1. With an 8 Å Cα cut-off and a minimum separation of 6 or more residues, compute the relative contact order for segment 134-216 in percent.
2. Multiplying the sequence separation of Lys53 and Glu105 by 0.36 nm and subtracting their Cα-Cα distance, what value in nm do you get?
3. Report the one residue of Leu60, Leu383, Ser350 whose Cα lies farthest in the direction of the positive end of the charge dipole of the chain (charges on C-beta: Lys and Arg +1, Asp and Glu -1; origin at the Cα centre).
4. Pop a pseudo-label 7 angstrom from the Cα along the beta-carbon direction at both Lys188 and Glu75 and give the gap in nm to one decimal.
5. Listed highest first by mean packing, meaning other Cβ atoms within 10 Å per residue, what order do 139-152, 209-222 come in?
6. Which one, Ser304, Gly327, Gly283, projects farthest toward the positive side of the charge dipole computed for segment 200-397 from Cβ point charges (K/R +1, D/E -1)?
7. Using amide H atoms built in the peptide plane, which far-off residues or other-chain residues are under 5 Å from Lys203 H to H?
8. Karplus couplings for segment 212-220 from phi (6.51 cos²θ - 1.76 cosθ + 1.60, θ = phi - 60°), rounded to Hz, Gly and Pro as x?
Amino acid sequence: MLSETYLQKYADVLVWGLVTARANRFRKGDIISIHYESAAISLAEVLYKNIVKMGLNAVLRYGMNINMEKTFYGESNLKQLKFVSPGDPEFYKALNGGIHLRAPESLTHLKDIDPKRIGAVALSRKHLRDILRDREEKGLYGWTLCMMATEAMAYHAGITFDQYESAIVKACYLDKDDPVKEWKRILKDSSVIKKWLNKLPVKKFHIESANCDLIIKRGEHRRWLGVSGHNIPSFELFMSPDWRETEGVYYADQPSYRSGNYVEGVKLYFRDGKVEKVDTKIGEDFVKAQIAIDAGAKSIGEFSLTDKRFSRINQFMANTLFDENFGGSYGNCHIALGASYTDTFDGDPSALTKKNKMKLGFNDSALHWDLVNTEPKRVSAILKGGGKVIIYENGEFIMN
């Protein structure tokens with residue numbers, strides 16, 4: 001288990017992440033939810049103390065355990081699956097911040113549940129996520145999340161519990177004397193790259209690797225984001241493209257666990273912005289069920305690149321938070337099927353109405369599924385005025 005020193009450092013980094021992620025400053029009396037699971041209670045205790053000392057009001061929410069989730073997804077009728085507590089919308093409208101401490105005791109306990117039932121739950125809660133998204137766009141809400149090691153996570157990653165915990169410590173810079181100082185440095189260095197990317201007159205991006213040949217349209221009024229405090233750890237730089245002109249083949253060589261299901265070797269064939277064909281080594285039926293959740297699930301909502309010079313993650317962790325930030329020898333890119341991040345809009349958020357989102361090609365879906373490629377790759381920018389420049393190769397951004 002993490003020592004008291006590591007727990008305090010972890011809590012300090014999470015507070016930094018929460019404060020950094022919110023556009024406006026927190027004020028005394030703001031409401032912060034701390035959502036945690038049983039294996040994360042030691043971190044929740046330290047974090048709770050930090051939040052109280054800041055003069056904020058912490059609301060604790062304890063997650064369902066394995067048996068509760070199996071009962072809920074397996075035995076609820078459709079009305080029960082779609083049930084939302086009457087108080088939740090009002091609570092979400094009052095929230096100023098959220099911290100999620102994830103510590104799953106199992107990754108596969110829902111594998112026998114019909115994916116349509118899980119999808120129905122996601123759809124029924126989309127309006128709650130929309131509330132928080134709108135508040136975040138107005139600078140009224142910020143969030144962050146992290147992972148605590150569990151035996152289940154270590155097992156599926158193919159390493160011991162101690163090795164998994166050590167990987168978390170290393171990835172989050174908790175082995176440094178002042179982890180927050182390290183994160184501030186990463187934020188500063190990544191900001192230089194984001195500024196450069198946002199100035200490039202890009203029309204489209206071209207991803208090339210042994211198994212990828214994908215064209216993505218940048219879209220108008222877009223900006224690159226990342227290393228914003230939202231995820232601990234997070235090294236990726238990302239944007240939400242115009243989904244309508246995605247063309248070609250994308251391959252996720254890294255496995256993925258989702259809703260109790262394991263998938264591996266996912267190859268997606270895009271035409272006119274939508275997945276028209278799916279091939280996988282494992283889990284094809286599940287992938288097809290996921291992209292049938294709603295109209296937007298077959299299109300992409302995110303394009304991301306991670307620079308290996310920032311990330312200290314060099315192994316599969318069986319968790320998207322870490323795996324989408326994989327550094328290793330060649331860095332990684334990932335796309336997400338489903339919902340866009342509307343904060344990648346570079347204008348006034350209040351101008352981004354539902355109609356304008358559609359006009360600009362921001363994708364809307366209850367799904368958001370990150371699929372990661374760690375192969376050696378080259379990413380080029382096809383420029384508006386003609387020409388093509390390499391912006392990422394061998395796991396590093398190439399600033400021209």
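Read-outs: derived from the displayed coordinates by stated rules, not from any lab. Not measured: the values here are computed from a predicted model. FYI the Cβ positions are ideal-geometry reconstructions off the backbone, even for glycines, and counts take in every protein chain you see.
1. Numbers: 36 pairs, mean separation 10.0, N = 83.
Rounded, it is 12 percent for segment 134-216.
2. Result: 15.7 nm gained on full extension.
3. Value: Ser350.
4. If labels sit at Lys188 and Glu75, their model points lie 5.6 nm apart.
5. 139-152, 209-222
6. Projecting each Cα onto the dipole axis, the largest value belongs to Ser304.
7. It is Ile382, Leu383, Lys384, by chain and number.
8. My calculation for segment 212-220 gives 10, 8, 10, 10, 10, 7, 4, x, 8 Hz in order.
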